[in-house]
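Some notes on the structure that comes next.
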Amino acid sequence: MKYRTLPNTDVAVSEVGFGLWTTSTGWWGEKSDDDAVSLLHEALDIGITTFDAADTYGNGRSEEQLAKAFAGRREQVVYATKFGYDWYHHAGERKGQNEIEQDFSPAFVRYALEQSLRRLNTDYIDVWQMHNARMEQVKDGTLIALLDELRAEGKIRTWGVSLGPAIGWLWEGVEAARVNAPVVQMIWNMLEQFPGDQMVEAANAFATDTAYFVRVPHSSGMLEGKYTAETVFPPTDHRSHRPRQWLINGIKKVETLRFLEEPGRTLGQAAIQWLLAEPRVMTVLPNIYDAEQLREFAAAPDTPRLTTQELATIAELRATNFGAGPEQMRYKGTMDAPTDPSIPAHA
């Protein structure tokens with residue numbers, strides 16, 4: 001494992017992190033807390049130190065899993081979690097893509113922080129992120145001042161903005177770079193390069209220090225390279241609700257990327273290396289739901305980096321939609337865009 005230090009902090013994050021939406025939300029099938037703790041223990045044992053949760057994942061469950069897993073080892077791990085959804089008063093069933101109420105008022109923000117600290121059994125959070133922030137929050141000087149105040153109090157070490165399709169996305173990401181948000185979390189991968197490319201370009205243009213946490217690096221598993229036309233997802237798996245064309249088009253695209261596989265590097269590892277080629281990317285958060293995936297992805301930083309020629313070939317393929325024909329998706333460059341923050345591909 002390799003590590004990168006967030007700009008203007010002493011927070012060192014592992015190049016591969018672990019997102020707890022797979023262990024706490026049920027969208028990849030139900031997992032017991034004991035199963036989650038076992039995976040988290042193995043993750044730390046093999047060098048993953050960065051764990052991304054949210055207070056709303058499982059209504060506090062992801063944070064409680066971290067506390068259970070790392071009791072007595074808090075100093076060895078980096079906790080990134082999120083705030084902004086008032087699930088305390090709106091925690092009923094979430095139907096379809098309906099979003100629960102958000103609250104970024106100073107009183108609620110402080111309340112949410114204290115609750116997260118309690119569940120995590122810690123007195124500080126390393127990276128505290130606005131969950132699915134809109135432009136209103138990204139530009140809210142009062143909210144940013146409060147986060148800086150909490151950092152000065154030692155309750156958080158740094159803060160960030162977590163963005164998702166149709167819930168604050170391209171222009172929110174550009175604005176986050178303009179205001180020099182320390183961290184932006186976004187979806188970005190070889191098959192879904194928009195609007196991640198534009199966000200990073202904005203940070204470079206503004207010459208700010210904004211760094212990136214990247215989730216869904218395998219395009220909901222597509223870039224692991226294991227799907228076939230016969231793949232069937234269990235009813236409890238969120239991917240079972242996607243149109244079949246998503247699967248067929250994705251398989252066609254993946255075949256054009258098989259050149260990235262080589263002895264000592266899987267396609268899934270190459271997908272992570274593509275992201276790590278960008279210096280502003282601090283950690284990659286693959287969807288991990290079993291020990292085999294955990295070991296494969298954790299080993300990615302130690303596999304061969306992508307060459308200049310490989311990166312250029314990927315760029316050429318992107319220009320032709322990886323041989324799959326004109327893009328048919330609702331949102332340019334994205335595979336889908338649900339609006340419910342509980343949907344894990346965009347959680």
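No value in this document is a laboratory result; all are computed from the given coordinates. Just so it is clear, the model here is predicted, and its values are computed rather than measured. Here the Cβ is made from the backbone with ideal geometry for all residues, glycine too, and neighbour counts use every protein chain on show.
At-a-glance table
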read-out: Other-chain or far-sequence residues with amide H under 5 Å of VAL16's (modelled H); value: LYS2, VAL284
read-out: Cα-based convex hull volume of the stretch 247-286 per residue, rounded to whole Å³; value: 92 Å³
read-out: Cut-off under 5 Å, modelled amide H: who pairs with TRP188 long-range; value: ARG215
read-out: Rough spin-label spacing in nm, given labels placed 7 Å along Cα→Cβ, for ALA145 and ASP33; value: 4.0 nm
read-out: Rounded tilt (10° steps) of 267-276 against the dominant C-alpha axis of the chain; value: 50 degrees
read-out: DSSP bridge orientation in the chain - percent antiparallel, rounded to nearest 5; value: 20 percent
read-out: Phi to ³J(HN,Hα) by Karplus 6.51 cos²θ - 1.76 cosθ + 1.60 over the stretch 55-72, Hz, x for Gly, Pro; value: 4, 7, 5, x, 6, x, 5, 4, 5, 5, 5, 4, 4, 5, 6, 10, 4, x
read-out: ³J(HN,Hα), Karplus 6.51/-1.76/1.60, whole Hz, each residue of the stretch 110-125, x for Gly, Pro; value: 5, 4, 4, 4, 4, 5, 5, 4, 5, 5, 7, 6, 8, 10, 7, 10
read-out: In degrees, nearest ten, helix 141-152 long axis to first principal axis of the chain (Cα); value: 80 degrees
read-out: Extension gain, VAL232 back to LYS68 (0.36 nm per residue minus Cα-Cα distance, nm); value: 55.7 nm
read-out: Three-way shape call for the stretch 206-331 based on the alpha-carbon gyration tensor, with the a/c threshold at 1.5; value: rounded
read-out: Table column - 3J(HN,Hα) (Hz), the stretch 304-310, Karplus curve with 6.51, -1.76, 1.60, x for Gly and Pro; value: x, 5, 5, 7, 4, 5, 5
read-out: Length-normalised contact order of the chain in % [C-alpha pairs under 8 Å, at least 6 apart]; value: 21 percent
read-out: Point-charge dipole on Cβ atoms (K/R +1, D/E -1) for the stretch 3-346, about Cα centre, debye to 20; value: 440 debye
read-out: Residue-averaged [θ]222 nm for the chain, counting only DSSP H segments that reach four residues, each worth -39500 (n - 2.57); value: -10000 deg cm²/dmol
read-out: Using a Förster distance of 35 Å, the FRET efficiency for TYR3-PHE259 (Cβ separation, nearest 0.05); value: 0.75
read-out: Highest average packing first - 175-184, 73-82, Cβ atoms within 10 Å; value: 175-184, 73-82
read-out: Within the stretch 270-303: backbone nitrogen closer than 19 Å to the ASP45 label point (7 Å, Cα to C-beta); value: 288-300
read-out: Out-of-range pairs (alpha-carbon distance over 22 Å; input LYS31/LYS68; LYS68/LYS155; LYS226/LYS252; LYS82/LYS155; LYS82/LYS253; LYS2/LYS252); value: LYS82/LYS253; LYS2/LYS252
read-out: Under 5 Å, built H, 5+ apart or other chain: amide partners of ILE156; value: ILE125, ARG151
